[in-house]
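What follows is a single structure, written as structure tokens, with notes after it.
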Amino acid sequence: MLTRFLPTGRTAGQVIVITGASSGIGEATALRAAGERHHLVLVARREDVLEKVAAACLEAGAASAEVVVTDVAEDDDVAAMVATVVELHDRIDAVLHCAGVVSYGRTEDTTAEDFAQVVSINLLGAASVARHVIPVLRAQRTGDLVLVGSLLGHIAVPEMTPYVVSKWGVRALARQLRIENVDVPGVRITHVSPGSVDTPIYGKALDHGGSVNTPPPPSISPQRVARVVLDQVAPRLRGTGGEVQTAFLNHGLMAAFRLTPWAYDRLVGPLFSALSRSERQD
Ligand SMILES: NC(=O)c1ccc[n+]([C@@H]2O[C@H](COP(=O)([O-])OP(=O)(O)OC[C@H]3O[C@@H](n4cnc5c(N)ncnc54)[C@H](OP(=O)(O)O)[C@@H]3O)[C@@H](O)[C@H]2O)c1
């Protein structure tokens, strides 16, 4: 195969698996990776939407684009998806795990079912992906697992408890994986924490508060996050992996959360409601 060097230092033709590829950050990441002529495996639950993204990726230059319908909350699905990728391509260069959901509502108003659903998809889904992908990467002695967490994996906001708990868990998972794989320097684990990103996730949220939810300003585009996510698999950055924030503001909010909790805890609720939640009119 002809190796094509990209301005980023990546080479074309890598096998890249993208979960959550049917929407938002995952879709934007797939389209960006397509432009770099990689082999893409697009993963999510909605086959018809994934097929459209695959067609757009081929149009944008992807070396190939396969759709593997998978519910990341189902461990057997994830195992089958990873086996399919290895069967198709004989290797996995990178898995960019973007699948996720969100819910709103006070903790005591959230049903046990919805709490479990958010944690199953966001945290146990990430753990399943890691459990099935890491053995492949370790056997190859090289490869990237990028877990898209959230700024809310570093701080807390009211009325998002299942999401916040799941994302703190994803950050812990990434840290665990880095320690466990320190003996194979070619295997790199990165945790990317977006702040507010303008994607459909807000409109699809499970909501027990009866609100309309929107990304709190200042939000960034999914394309900007896609660039950060994809940059993590560039050879020029090859190192130990690590923690990546997608916006400078994240650092300010994390500092306020840690250093001034008495002020943070009183202000975050009213500010968050005013900036991103409004009464449903219907
Ligand atoms: N938007 C933000 O402000 C923001 C901020 C910080 C972090 N994040 C994180 O970024 C990631 C992507 O979010 P987004 O904003 O791009 O949301 P999005 O536009 O709603 O996309 C979510 C993706 O996850 C997939 N997904 C959901 N549940 C799944 C499941 N059980 N199995 C497989 N795929 C599943 C969805 O596809 P199907 O419905 O077809 O399955 C969709 O492709 C999430 O982890 C989110 O927590 C987002």
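Each reported figure results from applying straightforward, stated rules to the coordinates on display, with no laboratory input. Keep in mind it's a predicted model, so treat the numbers as computed, not measured. Neighbour counts are summed over all protein chains in view; Cβ atoms, including those assigned to glycine, are modelled from backbone coordinates with ideal geometry.
Between Gln140 and Val49, the modelled label-to-label distance comes to 2.7 nm, taking each label 7 Å out from Cα in the direction of the beta carbon.
Dipole magnitude for the range 55-200: about 760 debye, using +1 per Lys or Arg Cβ and -1 per Asp or Glu Cβ, origin at the Cα centre.
The charge dipole of the chain, taken about the Cα centre with unit charges on the Cβ atoms of Lys, Arg (+1) and Asp, Glu (-1), comes to about 1240 debye, rounded to the nearest 20. The residues packed around Phe115, meaning those with a beta-carbon under 15 Å from its beta-carbon, carry a net charge of -4 if Lys and Arg are +1 and Asp and Glu are -1. Taken over the range 73-113, the ratio of Cα radius of gyration to 2.2 N^0.38 Å equals 1.81. Between Leu249 and Glu180, full extension at 0.36 nm per residue minus the direct alpha carbon distance yields a gain of 21.8 nm.
Each residue of the range 196-203 was assigned a 3J(HN,Hα) from its phi angle through the Karplus expression (A = 6.51, B = -1.76, C = 1.60, θ = phi - 60°), giving 8, 10, 7, 9, x, 4, 5, x Hz with x at Gly and Pro.
In percent, how large is the relative contact order of the range 15-279, given Cα pairs closer than 8 Å and 6 or more residues apart? If you can, show how the numbers build up before the last one.
Details: 514 pairs, mean separation 50.3, N = 265.
So the answer I get is 19 percent.
Residues whose amide H comes within less than 5 Å of that of Tyr104, counting only those at least five positions distant or on another chain, are Leu206, Asp207, His208 (H built at 1.01 Å from N in the peptide plane).
For the pair Leu88 and Ala263, what calculated FRET efficiency results from E = 1/(1 + (r/R0)^6), where r is the Cβ-Cβ distance and R0 = 45 Å, to the nearest 0.05?
0.30
Tell me which of Thr214, Leu151, Val101 sits at the most positive position along the dipole axis of the range 15-279, charges placed on C-beta atoms (Lys, Arg +1; Asp, Glu -1). The one lying farthest along the dipole's positive direction is Leu151. Please compute, over every Cα-Cα pair in the range 15-279, the percentage with a separation greater than 32 angstrom. The calculated P(r) of the range 15-279 puts 19 percent of pairs beyond 32 Å.
Comparing Val233, His38, Ser276 along the charge dipole axis of the chain, the residue lying farthest to the positive side is Val233, per the Cβ-charge model.
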